[in-house]
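First up is the structure itself, then whatever we jot down about it.
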Amino acid sequence: MRNAATVTLPGGVWLDGMRHQEAGLRPLTGEDEAFLVEVGVSLLPARLVTALLARCLMHIGPLDAVSAEFVRSLTVGDREALLLHLRRLTLGEQMECVLSCPQTDCGEKLDLTLGASDLLVPVYADAREWYERPVAENGDVYQVRFRLPTGADQEAAASLVRDDPQAAADLMLHRCVERVTRNGDDESITDWPAAISQQVPALMAELDAQAELVLNLTCPACERTFPATFDTAAYFFRELAHRASRLHQEVHLLALYYHWSEADILSLTAKRRQRYVEVLVDAMAKERGK
């Protein structure tokens, strides 16, 4: 596709023991936007991310066909990076946000302009398929072998997040930890100490810095600083939902005046559709002014 771009994953995927970080990604077309409106509303966010990336990823490393199952195997940080790139390619670099100061005696509204590229972290210099880290508790040293959370882990825990966040976190952790040994023993144990549940998620977050974007902000009114988590998927999907009615209007207008088929119009990216609409509206205004 002519508008496809080559992007770099911060972590990357391993195929036959080799790490691959290069991916080909195309912007959303009208067909993808229609899919979000008609089907995406019934999907939990993690599943929607999988479906959307599977539609728009053209290749990863040597893989020319990227299945939904493969997208699920990507780490959370790589999926987050791909979403930021997809938003940039589809709607542009700048993202307008409005936040409220969390201080109860303030509540000032903050208008932010974020750059999609600015939210991308540098590539991970020491990324691996599996990690091993020691965790100490009560004089014992536990060696933990784990991988980073993936889209499949997010999907598995998605139904628990709202009602029981701790159960969702425990499920994610148990899916990612392959083995725990104690004091140099070879035999893996299942009765993990509390320190593993406390420390390993923090290690994962450190190793996959792109997975959760935290903005450090200062309120201009009360001058106090506070952290704010930026949820790329929620922001992007909210934008696309707001554009749903515009999509139908654009299809109607272009079909009415250019006599293009719905399929032809929906094959265009949002930027191209908008350019055609702007040209058409300008031509109509000039015609009325004669």
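Every number here is computed from the coordinates shown, using simple stated rules; none is lab data. Only a predicted model underlies this, so the values are computations on that prediction, with no experimental measurement involved. Counting neighbours? That spans all protein chains shown, and the Cβs are built from the backbone with ideal geometry, glycine included.
Tabulated results
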{"item": "Top-ranked residue of the stretch 6-49 - restricted to ones that are touching a helix residue (DSSP H, G or I) at 6+ places or on another chain (Cβ under 6 Å), among the hydrophobic types (A, V, I, L, M, F, W, C) and not in a helix (DSSP H, G or I), ranked as nearest to Leu207 (Cα to Cα)", "result": "Leu9"}
{"item": "Any hit, the stretch 143-163, residues being acidic (Asp, Glu) and in a strand (DSSP E or B)", "result": "no"}
{"item": "Some residue of the stretch 176-189 being touching a residue at least 60 places away in the same chain (Cβ under 8 Å), more than 30 Å from Leu114 (Cβ to Cβ) and in contact with a strand residue (DSSP E or B) (Cβ under 7 Å, 6 or more places away or on another chain)", "result": "no"}
{"item": "Among the candidates Leu83, Leu52, residue that is assigned to a helix (DSSP H, G or I), closer than 16 Å to Ala233 by Cα and in contact with a Ser or Thr (Cβ under 6 Å, 6 or more places away or on another chain)", "result": "Leu83"}
{"item": "Any hit, the stretch 122-138, residues being under 27 Å from Thr6 (Cα atoms) and of a type in the set (Val, Ile, Thr)", "result": "yes"}
{"item": "Every residue from the stretch 229-261 that is assigned to a helix (DSSP H, G or I), among the small types (Gly, Ala, Ser) and without any contact (Cβ under 8 Å) to a residue 12 or more places away in the chain", "result": "Ser245, Ala255"}
{"item": "Filtered residues of the stretch 61-80 (kept if in a helix (DSSP H, G or I), out of contact with any Gly (no Cβ under 7 Å at 6 or more places or on another chain), of a type in the set (D, E, K, R) and surrounded by fewer than 24 Cβ atoms within 10 Å (Cβ to Cβ))", "result": "Glu69"}
{"item": "Meets criteria (among the hydroxyl-bearing types (Ser, Thr, Tyr) and in a helix (DSSP H, G or I)) for Ser188", "result": "no"}
{"item": "Leading residue by the ranking (nearest to Arg79 (Cα to Cα)) among those in the stretch 193-228 that are without any contact (Cβ under 8 Å) to a residue 12 or more places away in the chain and of a type in the set (Asp, Glu)", "result": "Glu206"}
{"item": "The stretch 262-290: number of residues that are exposed (fewer than 11 other Cβ atoms within 10 Å of the Cβ) and outside any helix (DSSP H, G or I)", "result": "1"}
{"item": "Subset of the stretch 120-139 that is closer than 23 Å to Pro10 by Cα and among the small types (Gly, Ala, Ser) - its residue that is surrounded by the fewest Cβ atoms within 10 Å (Cβ to Cβ)", "result": "Ala125"}
{"item": "Every residue from the stretch 95-126 that is within 22 Å of Ala23 (Cα to Cα), under 19 Å from the mean Cα position of the chain (by Cα) and outside any helix (DSSP H, G or I)", "result": "Gly115, Ala116, Leu120, Val121, Pro122, Val123, Tyr124"}
{"item": "Flag if Ser117 is under 19 Å from Val13 (Cβ atoms) and polar (S, T, N, Q)", "result": "no"}
{"item": "Selected residue (criterion: farthest from Thr225 (Cα to Cα)) from residues of the stretch 84-119 that are exposed (fewer than 13 other Cβ atoms within 10 Å of the Cβ) and out of contact with any strand residue (DSSP E or B) (no Cβ under 9 Å at 6 or more places or on another chain)", "result": "Gly92"}
